[in-house]
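Report on the structure given below.
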There are 2 protein chains.
Amino acid sequence: MTYRAPVSDILFTMRHVAGFDRAATDGLFDDLSADLAATILEEAGKFANDVIAPLNREGDKRGVTFKDGAVTTTPGWKEAYKAWTEAGWNALPAPVEYGGQGLPVLLNSACVEMWNAASMAFGIGPVLTLGGIEALHVHGTEDLKSRYLAKLVSGEWTATMNLTEPQAGSDLAALRARAEPAGDGTYRITGQKIFITYGEHDMTDNIVHLVLARLPDAPAGTRGISLFLVPKILPDGTHNDVRCHSIEHKMGIHASPTCTMIFGDHGGAVGWIVGGENRGLNCMFTMMNNARLAVGLQGVAIAERAYQQALAYAHERRQGRAVGSTQEGMSPIIEHPDVQRSLLTMKALTAAARAICYLTAEGIDRSHRDKSETRRRKANERASLLTPVAKAFSTDIGVEVASLGIQVHGGMGFIEETGAAQHLRDARIAPIYEGTNGIQAIDLVVRKLPLSGGETVRAQIASMRATVTRVMKEGTSAFGATAPRLRDAIESLDRATGYLLKAVASNAPAEALAGATPYLRLFALAQGGAALADVALAAHALMEGGDKDSAHAARIALCRFFAENIAVGAKGLEETILSGADFLQDASLALAS
Amino acid sequence: MTYRAPVSDILFTMRHVAGFDRAATDGLFDDLSADLAATILEEAGKFANDVIAPLNREGDKRGVTFKDGAVTTTPGWKEAYKAWTEAGWNALPAPVEYGGQGLPVLLNSACVEMWNAASMAFGIGPVLTLGGIEALHVHGTEDLKSRYLAKLVSGEWTATMNLTEPQAGSDLAALRARAEPAGDGTYRITGQKIFITYGEHDMTDNIVHLVLARLPDAPAGTRGISLFLVPKILPDGTHNDVRCHSIEHKMGIHASPTCTMIFGDHGGAVGWIVGGENRGLNCMFTMMNNARLAVGLQGVAIAERAYQQALAYAHERRQGRAVGSTQEGMSPIIEHPDVQRSLLTMKALTAAARAICYLTAEGIDRSHRDKSETRRRKANERASLLTPVAKAFSTDIGVEVASLGIQVHGGMGFIEETGAAQHLRDARIAPIYEGTNGIQAIDLVVRKLPLSGGETVRAQIASMRATVTRVMKEGTSAFGATAPRLRDAIESLDRATGYLLKAVASNAPAEALAGATPYLRLFALAQGGAALADVALAAHALMEGGDKDSAHAARIALCRFFAENIAVGAKGLEETILSGADFLQDASLALAS
């Protein structure tokens, strides 16, 4: 069973949750119409289905090989990457002046979902290149830009992010890699970096490493970190003093090399500073925020892939006789209510996560493209608020949905040849990298809730309430208890938000930190439910207008399922958050080893 | 990091949740005192820690090999199994008249947890042998018993359960394997069986297959299934007409062979009937109920193992500076509230699942050993009610806890050498085999709730309420909101139970089936919370009595954490169940592929 890009659901979410049409009308997207977007998505879907997806299983089985410092990707991988760049997909959202197409982050997000659904191990590479492009475009000197951007935009070269060191994972303050000025404007970089995705590979002639390191006189902590561009191959064609020492043996995404990189075995790798001395963290955040959204999209992607595979199996596999079945013999297991619950849970979580990611993407687009500075600032804050939710919720549900996908397969799900197990193994990295989901939750509560004195989050809650009001007014019996259940979830979110804002403001960090993870989930349940209701309302309006597409009724059914079966978890999360940090007092006892 | 059997928590749960002391006082356990049980558990713990646990990682890496019909286990495996049987562990709960020690299921359950925490791939083999012993002991002829039981009890031979065929997994009615009477009292068995755990291996000289098959004149469906004993080696020393055709390439438990078995390539394997013609399902249920509890214990086991590993890592790994830390530099990550939440969630879920499994085990013991027939019957119904909860909840949380364990490790969790990933890969089979967790939930709602007209479940709910009353009376401030939160959860369970009992009684199967999975979880939250409160109350009483063991305060803290952070999910589950099966009407639309 391979992947079929769900282009029409994707487009529907872009238009009716993420406000594609409004943004287009507002002139944010130049001449990109919904029709043109649809055409581009269809083409991307075909590429994902026909070229990338067939490599996914083989990439898992064979993985990458490492010998004498060189990494060889799975057969077929190199060719697929080349075809992908030649079709222009890498350049989609990149700056026009360097050969990119300058298309919206929203459109590219839909594509990122598809590449990653086709193969997460394939999809993660370009995420890093795109991050490198952005950091360089915003913070690089003209000289660096002219030398590197065009080739990164075309995909002829790839980029990496070199942050992590053995003692410095989540805590970048602990970085030790060093950069010495060489006197000619360049630097000599030394140090070891671990977990470097696509740090070495055979798909391109050059690899552009973006490396965090400390200058000799740098202050301690994160304020003493600078960012350097360190190419594998120097402009004069010689090999830089950087090498891949080894690759990791991982649980999943076997086809993507995860490298330990050594800089400066022979006196130091030549690097150029990006963004000025001690400004590295700032530059890195430019890369990381977009990478966080992209990793959230990986969660959506793997969930969609797992759902499609489980759905196909449930239609085909026959066991038992379903209640009320009018057929002879065994029924397809999709007719059993408990299997339906599993599949609907998978589909509803996937759709909610997709909606949250696309909302975030639209916020990013508007933050760059709106004519009004006020709207840009508001959009930027909205995107900042939603980014940790997009990253953490989507990747959490990626794992949950992939696990449910195995379960739907029964015993076959545990057999590697089936492919369902790979999705869970692949999915499991996404809650970890680009900032663990715990860190996302802390970021949401400690840094994002207080934006504009809490106005940003309150405006977001107000927009969820407006959706519920519309459901009450426009919804039919097919919406079931959508309105009351969503309202309950949003009120829980509102109370929990007030509680945490107060905790943050009154310098009660333990309360805020203890409630962060359940709060992020609560936020996602309310936001995801509201977004699916937006989808359902749009579908309802189209049906009223005579549109006979059966997908519309399905959208209403999915919204209802989410509200009645998933959003109802909100109250328990609220109680957890409001019970505060008291449990921490005794935690040390309970966790004494 | 290896495993350390948590003997004192295990014993405490046996005594203060599962009523070991009362059962001993009632004379159910012959001369087994709590002290003797402690000694036995200490010894079992040592064996698990020192002999089995060190093999676990190697077993995962190397797995088993298959060549020319023969299966070779991981180096060291055979010797460990031999030492384990020679120490008498296989015989622990087995009938005395065949060389067993006749010790309680409760005591053996604690041991089963330890074997499986040390290595799930090791632990699953003896579970099947024990099932075979029970089926043979209850249903076998004297002749069969005298020929096979002693060697199965000693562990000199192992047993298998041959149920599944490609077209017949959850639905045994679809079985096709055939058995022809040979005229001499034996039968000739032909057919293919898949997913046969330890169907072939090199640890013992003989393997005793228990095989479901149909007689020529058997009725269709499950009423036409008979059980046969089919030894690999016949009494005359010749090889029976059965062979292993291939082994599966699985996501986890790599060291346990999962075989496709072919019976009757050369005219039919010689078999002896067990339990009479067309009585196979009945016999199989004897094996399966105990196997279900054992698989539940695997869930507890892998959760405990994952918790221990994550806990050790969190004490050791330093990142960031914790709020309020008085130490210089980076803090161990265990000092961060979000990591504490993860670890407490892992520990609390594990402890709750353990308590439910041990409660089930005590019910089984009393159902066999009590002098009063009424008490035996009631205990049997109680154990029947709890068995699907023990199996499904424990294995679900096994997956959840193992996944959290990876998360606590950050990037290291995704690297196979760390070992955390193996726990999730191993854990993932347990919700599937011995009846998927969906089937457990349906069994709970459709067959177990109606036991004694609903009296069995109502009595269980009453006992949970009694615990809450005691918490209200005896609890201190350290119990926090335990009483109100647990009471809410139990009242949710009570209402959902009433709703589902009515649905089952009024022949509304869709309502009952649609709510089954959330109901099982709801039941476990209330029962698990009440059981941890029993633990906490006992700890509190000991502290009042002057016992200074710091583990007691930790037990109260854990109970509180569960009530305030996990049991609070009950209300949402109740709402889901009470919203009924309406979502199914539109499900077909939402799930159209």
(Q) Just to confirm the numbers: A:Ala220, label point 7 angstrom along the Cα-Cβ line, distances to the other copies in nm, shortest first? (A) 8.0
**Q.** Inter-copy separations for B:His249, label at 7 Å along Cα-Cβ, nm, ascending
**A.** 1.7
Q: Collect residues whose amide H, placed 1.01 Å from N in the peptide plane, falls under 5 Å from the amide H of A:Val274; neighbours closer than 5 in sequence don't count.
A: A:Leu227, A:Phe228, A:Leu229
Q) In nm, what does the list of distances from B:Asp202 to its counterparts in the other copies look like, shortest first, when each label sits 7 Å along Cα to Cβ? A) 3.5
Q) Looking at chain B, which longest stretch skips every one of the GluC sites (Glu not before Pro) that is in a DSSP loop with at most 16 other Cβ atoms within 10 Å, leaving the sites themselves out? A) B:329-593
Q.
Please enumerate, by chain and number, the lysines with C-alpha under 25 Å from the C-alpha of B:Lys371, excluding those fewer than 8 residues away in the same chain.
A. B:Lys448
Q | Whole-angstrom Cα spans of the stretch B:490-593 along principal axes, big to small | A | 62, 32, 15
**Q.** lysines whose Cα lies under 19 Å from that of A:Lys571, excluding same-chain neighbours fewer than 8 positions away
**A.** B:Lys571
Q) Looking only at the stretch A:198-242, which residues have a backbone nitrogen under 16 Å from a spot 7 Å from the Cα of A:Thr72 in the C-beta direction? A) A:201-204
Q: Sum up the charges of everything whose Cβ sits under 14 Å from the Cβ of B:Asn380, counting Lys and Arg as +1 and Asp and Glu as -1, but leave B:Asn380 out.
A: +3
Q.
Report D for the stretch B:1-99 in µm² per second (integer): Stokes-Einstein, Kirkwood Rh on Cα pairs, 4 °C, 1.567 mPa s.
A. 81
(Q) Using +1 at the C-beta of Lys and Arg and -1 at the C-beta of Asp and Glu, which of A:Leu542, A:Leu513, A:Gly480 has the Cα lying farthest in the positive direction of the dipole of the stretch A:439-593? (A) A:Leu542
Q. Measuring from centroid to centroid over Cα atoms, what is the spacing of the stretch A:1-23 and the stretch B:264-301 in Å?
A. 50
Q) Rounded to two decimals, what is Rg over Rh for the stretch B:330-401 when you use alpha-carbon atoms and the Kirkwood radius? A) 1.26
Q. What is the helix-to-structure angle for A:7-16, meaning the angle in degrees between its Cα long axis and the longest Cα principal axis of chain A, kept from 0 to 90 and rounded to the nearest 10?
A. 80
Q) What is the magnitude of the charge dipole of chain B about its Cα centre, with +1 placed on the Cβ of each Lys and Arg, -1 on the Cβ of each Asp and Glu, and no other charges, expressed in debye to the nearest 20? A) 840
**Q.** Leading residue at positive end of dipole, chain A (Cβ point charges), from A:Gly88, A:Phe562, A:Leu386
**A.** A:Phe562
**Q.** Computed over the stretch A:396-555, Kirkwood Rh from alpha-carbon pairs, angstrom
**A.** 18.2
Q. So for A:Arg321, A:Arg521, what's the accessible-area order with a 1.4 Å probe, most first?
A. A:Arg321, A:Arg521
Q) Excluding ligands, DNA and RNA, what is the solvent-accessible area per residue of the stretch B:158-280 at a probe of 1.4 Å, expressed in Å²? A) 35
Q. Considering only Cα-Cα distances, which of the following residue pairs are longer than 28 Å: A:Lys347/A:Lys378; B:Lys61/B:Lys82; A:Lys548/B:Lys502; B:Lys250/B:Lys391; A:Lys78/A:Lys145?
A. A:Lys347/A:Lys378; A:Lys548/B:Lys502
Q: Would you mind checking which residues have amide H under 5 Å from B:Thr158's amide H? H placed 1.01 Å from N; only 5 or more apart, or other chain.
A: B:Asn206, B:Val208
Q. Share of the stretch B:449-593's accessible area from carbon and sulfur, percent, 1.4 Å?
A. 54
Q. Can you run phi through the Karplus equation (6.51, -1.76, 1.60; θ = phi - 60°) for the stretch A:387-399 and list ³J(HN,Hα) in whole Hz, with x for Gly and Pro?
A. 4, x, 5, 4, 5, 7, 4, 4, 7, 4, 6, x, 5
Q. Given that compact globular proteins tend to follow 2.2 N^0.38 Å, what is the ratio of the alpha-carbon Rg of chain B to that value?
A. 0.97
Q: Could you work out how far helix A:337-369 tilts from the main Cα principal axis of chain A, as a 0 to 90 degree angle to the nearest 10?
A: 50
Q. Once amide H atoms are placed 1.01 Å from N in the peptide plane, what residues at a sequence separation of 5 or more from B:His201, or on another chain, have their amide H within under 5 Å of its amide H?
A. B:Val71
Q: Compute the FRET efficiency between A:Asp35 and A:Lys371 as 1/(1 + (r/R0)^6), taking r as their Cβ-Cβ distance and R0 = 22 Å, and round to the nearest 0.05.
A: 0.35
Q. With +1 on each Lys and Arg Cβ and -1 on each Asp and Glu Cβ, how big is the dipole of the protein assembly as shown about its Cα centre, in debye rounded to the nearest 20?
A. 1500
Q. Normalized C-alpha radius of gyration of the protein assembly as shown, against 2.2 N^0.38 Å?
A. 0.93
Q | List A:Arg487, B:Arg560, ordered by accessible area with a 1.4 Å probe, largest first | A | A:Arg487, B:Arg560
Q) DSSP beta bridges in chain B, what fraction antiparallel, as a percent rounded to 5? A) 85
(Q) Which residues, if any, in the stretch A:321-344 lose at least 50 square angstrom of accessible heavy-atom surface (probe 1.4 Å) when the other protein chains sit next to their chain rather than the chain being alone? (A) A:Val323, A:Pro337, A:Asp338, A:Gln340, A:Arg341, A:Leu344
Q) Tell me, what % of the accessible area of the stretch A:339-441 is carbon and sulfur with a 1.4 angstrom probe? A) 51
Q. Using the alpha-carbon atoms, what tilt in degrees (0 to 90, nearest 10) does helix A:482-505 show relative to the longest principal axis of chain A?
A. 40
Q | Accessible surface of B:Lys67 - all protein chains present, 1.4 Å probe, nearest 10 Å² | A | 150
Q: Quickly work out the B:Ala592-to-A:Glu416 label distance, labels modelled 7 Å from Cα along the C-beta direction, and quote it in nm with one decimal.
A: 3.9
Q. Dividing the convex hull volume of the alpha carbon atoms of the stretch A:63-203 by its residue count, what do you get in Å³ per residue?
A. 144
Q: Work out the length of the dipole vector of the stretch A:35-78 about its Cα centre, built from +1 on the beta-carbon of each Lys and Arg and -1 on the beta-carbon of each Asp and Glu, and round it to the nearest 20 debye.
A: 360
Q.
Going by Cα centres, the stretch A:115-132 and the stretch B:63-113 are how many Å apart?
A. 47
(Q) What number does the stretch B:158-280 give for Rg over Rh if you use C-alpha atoms and the Kirkwood radius? (A) 0.96
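The values are calculated or read from the model by the stated rules, or taken from the named source; none is laboratory data. What you see is a predicted model; the values in this text were computed from it and never measured. Because the Cβ atoms are built from the backbone with ideal geometry, glycine has one as well, and the counts that use them run over all protein chains shown. The protein model used for the area step is the full one, side chains on, heavy atoms only, and it has no ligands, DNA or RNA in it. Shrake-Rupley method; radii C 1.70, N 1.55, O 1.52, S 1.80 Å.
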